[in-house]
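Asker: Right, I'll just put the structure down here and ask away after.
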Amino acid sequence: MKLTVVYDNEASSGLRDGWGFACYIESEDMNILFDTGWDGEILLGNMFSLDINPNEVDTIIISHHHWDHIGGLPTFLSKNPDVDVIVPHSFSCALKKEIQARISGKVIEIRSKRKITTNIYTTGELGVDLKEQSLILKSKQGSTILSGCSHPTLKITMTSLDDNENIFGFIGGLHDSEEFDCMDKFTFIAAGHCTKHKDVIKNIYPGIFENIFAGYVKILKQ
């Protein structure tokens, strides 16, 4: 399974940065775009620069309704409307109808943890005031959490893992999380976008910290 960050606050040479997050997942039976960043032109431009064909995306999964994660969706759908879009159930009816009107696939509403495809699961919508879903990616090394912002807290997100589940890593945003003790369970922590305490995490876990950016790639062995 190959993960490529295609939108982030930081970017490698030849790519554009922007406030937001998006990650492209290539798995054995489905290509997934997780979040879309804020600016669709930046999203598509980065994908083309990384030789990622938007028309090969099968499914889009949106973590939560903030515009730095969903803003690029209309532009993307104008390029490829032949997708399913998976959103938290708590999305407004108007927003779900608007998305459905732009796609030939289905809007799929998520309430609880469920399997998306082989080795890929959604945590279900977590949190109270702001509901967010993350992904659990299973590999030979263990399970990796892919999160847009971790608004419900890292601890709550990790409750979606099974008690006996081997934990491998974390990729995405950690917002203002200070749950540093939870992070010692990871083999790697690839943090970016909205992570307020990135330098603190790097200082506590210098051997496993990885800074993410548009162009960052992670391979999970299947």
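The values are calculated or read from the model by the stated rules, or taken from the named source; none is laboratory data. What you see is a predicted model, and the numbers here were worked out from it, not measured in a lab. Reconstructed Cβ throughout: ideal geometry from the backbone, glycine too, with neighbour counts over all protein chains shown. Please note that ligands, DNA and RNA were not included when accessible areas were found on the heavy atoms of the full protein model with its side chains. Shrake-Rupley method; radii C 1.70, N 1.55, O 1.52, S 1.80 Å.
Asker: Picking from 52, 25, which residue would you name as being in a loop (DSSP other than H, G, I, E, B), of a type in the set (A, V, I, L, M), at pLDDT 95 or above and out of contact with any Cys (no Cβ under 9 Å at 6 or more places or on another chain)?
Answerer: On the way: 25 fails: in a loop (DSSP other than H, G, I, E, B).
So the residue among 52, 25 that is in a loop (DSSP other than H, G, I, E, B), of a type in the set (A, V, I, L, M), at pLDDT 95 or above and out of contact with any Cys (no Cβ under 9 Å at 6 or more places or on another chain) is 52.
Asker: Any residue at all in the stretch 1-23 that is out of contact with any helix residue (DSSP H, G or I) (no Cβ under 8 Å at 6 or more places or on another chain), open to solvent by 60 Å² or more (accessible area, probe 1.4 Å) and of a type in the set (Lys, Arg)?
Answerer: Within the stretch 1-23, one or more residues are out of contact with any helix residue (DSSP H, G or I) (no Cβ under 8 Å at 6 or more places or on another chain), open to solvent by 60 Å² or more (accessible area, probe 1.4 Å) and of a type in the set (Lys, Arg).
Asker: Tell me which residues, restricted to the stretch 169-187, are open to solvent by less than 30 Å² (accessible area, probe 1.4 Å) and touching a residue at least 24 places away in the same chain (Cβ under 8 Å). Can you show your working first?
Answerer: Within the stretch 169-187, the subset open to solvent by less than 30 Å² (accessible area, probe 1.4 Å) is 169-174, 177, 182-183, 186.
If the condition is that a residue be open to solvent by less than 30 Å² (accessible area, probe 1.4 Å) and touching a residue at least 24 places away in the same chain (Cβ under 8 Å), then 169, 170, 171, 172, 173, 174, 177, 182, 183 are the ones that fit.
Asker: Collect the residues in the stretch 92-119 that are over 20 Å from residue 160 (Cα atoms), open to solvent by less than 90 Å² (accessible area, probe 1.4 Å) and in contact with a helix residue (DSSP H, G or I) (Cβ under 8 Å, 6 or more places away or on another chain), keeping them in residue-number order.
Answerer: Once the filter is applied, which keeps residues that are over 20 Å from residue 160 (Cα atoms), open to solvent by less than 90 Å² (accessible area, probe 1.4 Å) and in contact with a helix residue (DSSP H, G or I) (Cβ under 8 Å, 6 or more places away or on another chain), the stretch 92-119 yields 99, 103, 107.
Asker: So for the stretch 89-96 (the condition being out of contact with any Lys or Arg (no Cβ under 6 Å at 6 or more places or on another chain) and charged (D, E, K, R)), does at least one residue qualify? Step through it out loud before you land on a result.
Answerer: Going through the stretch 89-96, the residues out of contact with any Lys or Arg (no Cβ under 6 Å at 6 or more places or on another chain) turn out to be 91-96.
Of the ones still in play, those that are also charged (D, E, K, R) are 96.
Yes, because at least one residue in the stretch 89-96 is out of contact with any Lys or Arg (no Cβ under 6 Å at 6 or more places or on another chain) and charged (D, E, K, R).
Asker: Note down all Cβ pairs under 7 Å where the first residue falls in the stretch 25-52 and is in contact (Cβ under 8 Å) with a residue 12 or more places away in the chain, the second is among the small types (Gly, Ala, Ser) and assigned to a strand (DSSP E or B), and they're at least six residues apart or on different chains.
Answerer: 33/22; 34/22; 35/22; 36/22; 37/22; 43/22; 46/214
Asker: Scan (1) among the acidic types (Asp, Glu); (2) closer than 22 Å to residue 144 by Cβ; (3) modelled with pLDDT of 95 or more; (4) open to solvent by 40 Å² or more (accessible area, probe 1.4 Å) for the single condition residue 35 breaks and write down its number.
Answerer: All conditions are met except number (4).
Asker: Mind checking which residues of the stretch 162-197 are part of a helix (DSSP H, G or I) and in contact with a Leu (Cβ under 8 Å, 6 or more places away or on another chain)?
Answerer: In the first step, residues of the stretch 162-197 are kept if they are part of a helix (DSSP H, G or I); the result is 180-185.
Those that are part of a helix (DSSP H, G or I) and in contact with a Leu (Cβ under 8 Å, 6 or more places away or on another chain): 182, 183.
Asker: Condition check: touching a strand residue (DSSP E or B) at 6+ places or on another chain (Cβ under 9 Å), open to solvent by less than 50 Å² (accessible area, probe 1.4 Å) and either of a type in the set (D, E, K, R) or touching a residue at least 12 places away in the same chain (Cβ under 8 Å) (or both). Does residue 216 satisfy that? Even if it seems obvious, please write down each step before you answer.
Answerer: Numbers: touching a strand residue (DSSP E or B) at 6+ places or on another chain (Cβ under 9 Å): yes; open to solvent by less than 50 Å² (accessible area, probe 1.4 Å): yes; either of a type in the set (D, E, K, R) or touching a residue at least 12 places away in the same chain (Cβ under 8 Å) (or both): yes.
So residue 216 passes the test.
Yes/no matrix, rows are residues, columns are (1) without any contact (Cβ under 8 Å) to a residue 60 or more places away in the chain; (2) closer than 16 Å to residue 190 by Cα; (3) under 14 Å from the mean Cα position of the chain (by Cα):
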{"site": "116", "(1), (2), (3)": "no, no, yes"}
{"site": "125", "(1), (2), (3)": "yes, no, yes"}
{"site": "132", "(1), (2), (3)": "no, no, yes"}
{"site": "135", "(1), (2), (3)": "no, yes, yes"}
{"site": "140", "(1), (2), (3)": "no, no, no"}
{"site": "146", "(1), (2), (3)": "no, yes, yes"}
{"site": "150", "(1), (2), (3)": "yes, yes, yes"}
{"site": "159", "(1), (2), (3)": "yes, no, no"}
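Asker: Regarding residue 140, is this residue closer than 26 Å to residue 222 by Cβ, open to solvent by 10 Å² or more (accessible area, probe 1.4 Å), touching a Phe, Trp or Tyr at 6+ places or on another chain (Cβ under 8 Å) and charged (D, E, K, R)?
Answerer: No: the conditions fail for residue 140.
Asker: Shifting gears a bit: Of the residues 203, 211, 166, which is open to solvent by 30 Å² or more (accessible area, probe 1.4 Å), of a type outside the set (Val, Ile, Thr) and free of Cβ contacts under 8 Å to residues at least 24 places away in the same chain?
Answerer: Values: 211 fails: free of Cβ contacts under 8 Å to residues at least 24 places away in the same chain; 166 fails: free of Cβ contacts under 8 Å to residues at least 24 places away in the same chain.
Among 203, 211, 166, only 203 is open to solvent by 30 Å² or more (accessible area, probe 1.4 Å), of a type outside the set (Val, Ile, Thr) and free of Cβ contacts under 8 Å to residues at least 24 places away in the same chain.
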